[in-house]
1. When a/c is below 1.5 the answer is rounded, else prolate if a/b is larger than b/c, else oblate, so apply that to the range 4-237 with a ≥ b ≥ c taken from the square roots of the Cα gyration tensor eigenvalues.
2. Which FRET efficiency value, to the nearest 0.05, is calculated for residue 65 and residue 244 with the Förster distance at 45 angstrom and r the Cβ-Cβ distance?
3. Just the Kirkwood number for the chain, please: inverse of mean 1/r across all distinct Cα pairs, in Å, one decimal.
4. For labels at residue 144 and residue 260 in the simple 7 Å Cα→Cβ model, what's the distance in nm?
5. Suppose R0 equals 56 Å; then what is the FRET efficiency for residue 441 and residue 77 from their Cβ-Cβ distance, rounded to the nearest 0.05?
6. Which FRET efficiency value, to the nearest 0.05, is calculated for residue 57 and residue 309 with the Förster distance at 56 angstrom and r the Cβ-Cβ distance?
7. Once the principal axes of the Cα atoms of the range 325-455 are found, what is the range along each, listed largest first in whole angstroms?
8. Could you work out the relative contact order of the range 324-417, using alpha carbon pairs under 8 angstrom and six or more residues apart, expressed as a whole percent?
């Protein structure tokens with residue numbers, strides 16, 4: 001059985017880390033070592049670990065150098081074939097380590113697995129339906145979650161709240177980049193290297209750990225500034241945005257039947273491949289293809305999907321040998337100079353009776369109407385008037401676009417956003433007009449979701 005090296009970076013959290021150690025000693029039944037890295041804690045918070053055998057080593061940094069530096073010290077000193085990174089304010093339940101190790105070694109393609117927790121930065125968040133206030137209640141909640149039917153879920157990147165990594169994968173990824181100040185973004189940078197190398201990173205919805213919300217006393221303004229700085233570092237380094245490039249479009253997938261074996265799926269504008277990886281998770285037999293103009297994003301998606309290079313508006317369909325059951329176009333059409341030509345090309349790339357699944361913003365949304373009536377048409381970084389939008393559509397124009405390209409609309413769904421009271425008042429006034437009949441959906445829909453079949 002492989003030896004487990006548990007690495008816990010600590011800064012001014014002596015009480016919390018000892019609680020964490022207590023749960024490790026109570027629950028881990030694998031051969032293990034613990035490396036607690038005290039990252040220059042103040043004198044009154046200096047890590048002191050009660051003696052209980054030789055399972056714990058405390059490594060001390062003379063100065064506070066940050067999360068990434070502390071983790072790197074732990075990696076260098078570790079000896080195990082498997083590494084488990086924990087935040088100091090995490091509590092493990094019985095079977096946590098064993099379940100994570102089982103999931104890690106079950107599939108050779110899996111390089112890292114992460115437990116879920118109630119407090120995370122962006123990913124692997126899980127909020128139990130039951131509250132708990134004692135160790136026994138926590139164990140009961142974790143055991144109930146463990147008995148659920150949740151399947152391992154593919155991730156492109158993960159935090160290190162409770163992250164288990166094979167030694168060979170950790171060595172290939174290297175050390176954490178110490179220019180980051182936020183632990184979550186340092187971890188994203190670290191795990192994205194694993195993804196690019198072709199190692200799957202997987203979250204385990206049945207493995208739950210307790211995690212306290214801790215900001216080391218930072219003010220909100222300071223936290224947001226650090227977040228902004230680290231996001232910029234990440235984007236400069238990887239050429240992609242944390243805000244846009246890693247989110248699976250599960251809203252679009254709800255309009256697809258992914259049950260058929262050997263399904264062939266193409267996503268236009270696949271970014272880093274999160275949606276395609278979600279398709280692959282739900283249907284492991286699916287053949288996955290993506291088109292992505294951002295070469296840096298395409299490099300991240302490439303290990304898990306075949307990346308094609310073509311312009312949807314100018315391609316010759318005869319040059320593409322594959323034909324697809326589904327083409328996904330999530331917030332793509334409004335960015336095209338000639339979406340009419342693009343949709344005719346998509347028709348050619350589909351198998352008979354194949355489907356396009358698309359999401360398109362509604363230019364007639366009440367917020368836009370409100371601003372137009374006040375004389376504003378102001379482009380923004382995102383939203384209805386994203387400055388990169390070239391074309392604008394209403395529901396009727398969306399239907400016309402698809403029907404003229406040879407599609408039959410099977411379903412149109414929409415979602416709305418909460419608007420200020422003054423905008424809601426305008427909506428009621430417009431609906432009461434006698435000179436024009438207005439469909440409320442035309443004002444309420446912020447975005448339309450379309451399922452269109454080739455006929």
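1. Here the range 4-237 falls in the rounded category.
2. Working: r = 31 Å, r/R0 = 0.70.
Between residue 65 and residue 244 the formula returns 0.90.
3. Values: mean 1/r = 0.0408 Å⁻¹.
About 24.5 Å, per the Kirkwood formula over Cα pairs.
4. Placing both labels 7 Å along Cα→Cβ, they lie 4.1 nm apart.
5. Numbers: r = 61 Å, r/R0 = 1.09.
Computed FRET efficiency for residue 441 and residue 77: 0.35.
6. Details: r = 50 Å, r/R0 = 0.90.
FRET efficiency, residue 57 to residue 309: 0.65.
7. For the range 325-455, the Cα spread along each principal axis is 48, 31, 24 Å.
8. Value for the range 324-417: 34 percent.
Coordinate-derived values only; no laboratory data. Predicted model only: the values in this text are computed from it and were never measured. Positions of Cβ are generated from backbone atoms using ideal geometry, with glycine treated the same way; all protein chains shown enter the neighbour counts.
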